[in-house]
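The values are calculated or read from the model by the stated rules, or taken from the named source; none is laboratory data. Not measured: the values here are computed from a predicted model. All Cβ positions, glycine included, derive from the backbone under ideal geometry; neighbour counts span all protein chains shown. In case anyone asks, the SASA skips ligands and DNA or RNA and just uses the protein heavy atoms, side chains included. Shrake-Rupley method; radii C 1.70, N 1.55, O 1.52, S 1.80 Å.
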Amino acid sequence: MTPRQYGLLAVCVALFALGQFHRAAGAVAAPIWQIDFSLGAEQLGTVIGVIFIATILAQAPLGAAFDRLGARAVLTPTIALVAFGTYACLWATGYGSLVLARTAIGVGLASTGVGMYLILARHFRAEDFGVLNGLMATLGGIGGLLATYPLAALLRPMAGGLFSQALPW
């Protein structure tokens, strides 16, 4: 592989990791959101689930945009949308702003699946696709891992005693 291909594979791994992180992070942050914003079970379910609904609804229009505009033109603003949504989650003031922030993340993540496969298909040999896809999924799985115990450890100061039983320090 060329240095450029290594870089592209690293981008694909990072995109996969980003998606895995955000999809798992809602479960870890849920107890904090529930207390901070006085969310009921239905509201909490919406906050966690809206990321998935937004991703599903945005995939078709973003797929068409990939065909017309290309990967760079679509991935750049949609990854910026994920960053914006992540930042907005940090500053959410209630249920509505949290739902909007998680919706922005979901719409942004809708581009990553197609984008990763488009990058692999256009910049690597077809016979390497399976191995590269496996590498991307395996290495990108670190995002899901980071959204569990490490995220809980980072959120512990904000959580009061919520995570005191799970985290030994």
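Looking at region 32-49, which of its residues are loosely packed, with under 14 Cβ neighbours inside 10 Å and within 21 Å of Pro157 (Cβ to Cβ)?
Listed by number, the residues that qualify are Ile35, Ser38.
Is it the case that some residue within region 128-139 is at pLDDT below 90 and of a type in the set (D, E, K, R)?
Looking through region 128-139, none of the residues is at pLDDT below 90 and of a type in the set (D, E, K, R).
Out of the residues in region 79-112 that are hydroxyl-bearing (Ser, Thr, Tyr) and closer than 15 Å to Asp36 by Cβ, state the one that is nearest to the chain's Cα centre (by Cα).
Ser97
Taking Arg122 as meeting all but one of (1) basic (Lys, Arg); (2) surrounded by 21 or more Cβ atoms within 10 Å (Cβ to Cβ); (3) more than 17 Å from Ile56 (Cβ to Cβ), write down the number of the exception.
Condition (2) is where Arg122 drops out.
Determine if region 28-37 includes at least one residue that is over 28 Å from Leu118 (Cα atoms) and part of a loop (DSSP other than H, G, I, E, B).
Among the residues of region 28-37, at least one is over 28 Å from Leu118 (Cα atoms) and part of a loop (DSSP other than H, G, I, E, B), which makes the answer yes.
Do you know which residues across region 50-72 are more than 21 Å from Leu8 (Cβ to Cβ), surrounded by fewer than 18 Cβ atoms within 10 Å (Cβ to Cβ) and within 19 Å of the chain's Cα centre (by Cα)?
Matches in region 50-72: Phe52, Ile53, Ile56, Leu57, Gln59, Ala60, Pro61.
So if I check each of Ala101, Ala71, which one is aliphatic (A, V, I, L, M) and modelled with pLDDT of 95 or more?
On inspection, the qualifying residue turns out to be Ala101.
Does region 78-85 contain any residue that is out of contact with any strand residue (DSSP E or B) (no Cβ under 7 Å at 6 or more places or on another chain) and touching a residue at least 60 places away in the same chain (Cβ under 8 Å)?
Scanning region 78-85, I find at least one residue that is out of contact with any strand residue (DSSP E or B) (no Cβ under 7 Å at 6 or more places or on another chain) and touching a residue at least 60 places away in the same chain (Cβ under 8 Å), so the answer is yes.
Quick one: which of Ala137, Ala101, Ala92, Ala88 is part of a loop (DSSP other than H, G, I, E, B), touching a residue at least 12 places away in the same chain (Cβ under 8 Å) and open to solvent by less than 50 Å² (accessible area, probe 1.4 Å)?
Ala92 is the lone residue from the list that is part of a loop (DSSP other than H, G, I, E, B), touching a residue at least 12 places away in the same chain (Cβ under 8 Å) and open to solvent by less than 50 Å² (accessible area, probe 1.4 Å).
List the residue pairs whose Cβ atoms are under 8 Å apart, where the first residue sits in region 12-31 and is more than 16 Å from Gly134 (Cβ to Cβ), the second is charged (D, E, K, R) and crowded, with 19+ Cβ neighbours inside 10 Å, and the two are 6 or more positions apart or on different chains.
Final answer for the pair search is Gly26/Arg102.
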